[in-house]
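Each remark here refers to the structure printed beneath this line.
The values are calculated or read from the model by the stated rules, or taken from the named source; none is laboratory data. Since this is a predicted model, take the numbers as computed values, not measurements. For accessibility, only protein heavy atoms count, side chains too; no ligands or nucleic acids. Shrake-Rupley method; radii C 1.70, N 1.55, O 1.52, S 1.80 Å.
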Amino acid sequence: MTRPPTAALRRVIDAADPVTGRLRGTRPQLAALVKRGLAFRHPRPPHDHFLTPAGHRIREAGAQGPPEPAGRETAAADDGVFTARAGGEEDPPGPVGAARLREVRAAWEGLLELRRMTNPDGATDRPCGWERSHLVRAAALALEAGGHRPAGADGDGYRVRETPQPEAVAVHEADGAALRSCAITLERAGWHVGEHTEPRTRARYLLASPRKV
């Protein structure tokens, strides 16, 4: 069993970039995290260190507290850093301003860099491992970076939700044209997207999963 990180190592983990998982610390600290399987050293210069999926789980467990009920993941964190908006949050944010747009742009660029560094072939046109383990967050970031509006108090906008399928999320949007536009954005971001109909309500929704090749 992997030894739990010390308090000093935990501080390094907690300070990691929330999107890319890039770490900053002393050489002994980074080496200790690698030894525990919580970080890896990138093979290409400048040989930065990044959290592994196990490291991300430790960071998020400390940042988010108790897990949310199934199907209600909101892609939010409580540590004061950037969080993608899945839509329909209980405490919806205010109007999108210039600062939020800059945050979204920076987060998306960071995610593309994470793809480049962690996909075996360095590809940036398809999701990476982090996105596959954070489906709602990844899809929400792609939509928000694509200029789509998350659902707010008025109910208009997209909502990204978990599904029973292991590698798929559902995207709901009441407006048909906006739903199709969301599909285009996700496809361009490297997701497989299909449009489906709810059997009970007959409402249309998207089922999206990360493209592997």
Among (1) 17.5; (2) 19.5; (3) 18.1, the entry that matches Kirkwood radius over Cα pairs in Å as calculated here: (3)
Take every Cα pair under 8 Å in region 119-189 that's 6+ residues apart, average their separations, divide by the length, and report that relative contact order as a whole percent. 29
Which whole-number percentage describes the relative contact order of region 95-213, with Cα contacts under 8 Å and a sequence gap of 6 or more? 22
Pop out the Kirkwood hydrodynamic radius of region 79-199 from its pairwise C-alpha distances, inverse of mean 1/r, in Å to one decimal. 14.9
Would you rank 205, 158 by solvent-accessible area, highest first, keeping every protein chain in place and using a 1.4 Å probe? 205, 158
Sort 35, 212 by accessible area with a 1.4 Å probe, largest first. 35, 212
Long-range amide H partners of residue 149, meaning residues 5 or more apart or on another chain whose placed amide H is closer than 5 Å, are 158
Percent of Cα pairs exceeding the 14 Å cut-off, where the set is region 139-213: 57
